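Data block below; observations after.
The values are calculated or read from the model by the stated rules, or taken from the named source; none is laboratory data. Note that this is a predicted model, so its numbers are computed, not measured. Note: accessible area is taken over every heavy atom of the protein model, side chains too, but ligands, DNA and RNA are not part of it. Shrake-Rupley method; radii C 1.70, N 1.55, O 1.52, S 1.80 Å.
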Amino acid sequence: MKTVSATLLSLMITAGTALAAGGGAEGEGLSLLATFFIAFGILIVLFQFVPGIMLLVGMLKGAFSASGKKAQETGGDK
C-alpha cells in the first residue's frame, strides 16, 4: 500500500508541475513597430549627447580662460 500511495503522490506532483509550466516557455517578443519606437528613442538620446558634450567643453574652456585672463590683468602670473 505504501508503494501505491508513493507512486500516486509522485505522479500528482510531476503532473502538477508539468501543467503549471505549460505556456511558460513561449515568448511573444517585440513587434516591428515597437522595435522602431525603441530605436527612435535611442537615436534621440544619442543625437542630444553630442551637443551636450560640446556645450560642456565650451563651458569648461570659458571657465578656465576667464580665470587665466584675470590673473594676467592683475599681474599675479609673472
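Enter the accessible area of Val4 (Å², nearest 10), with the probe set to 1.4 Å and all protein chains included.
Roll a 1.4 Å probe over it and Val4 shows about 80 Å².
In whole Hz, with x marking every Gly and Pro, tabulate ³J(HN,Hα) for the stretch 47-58 from phi via Karplus 6.51 cos²θ - 1.76 cosθ + 1.60, θ = phi - 60°.
Once θ is set to phi - 60°, the couplings for the stretch 47-58 become 6, 7, 6, 5, x, x, 5, 5, 5, 5, 5, x Hz.
Considering only protein heavy atoms, what is the solvent-accessible area of Ile38 at a probe of 1.4 Å, reported in Å² to the nearest 10?
80
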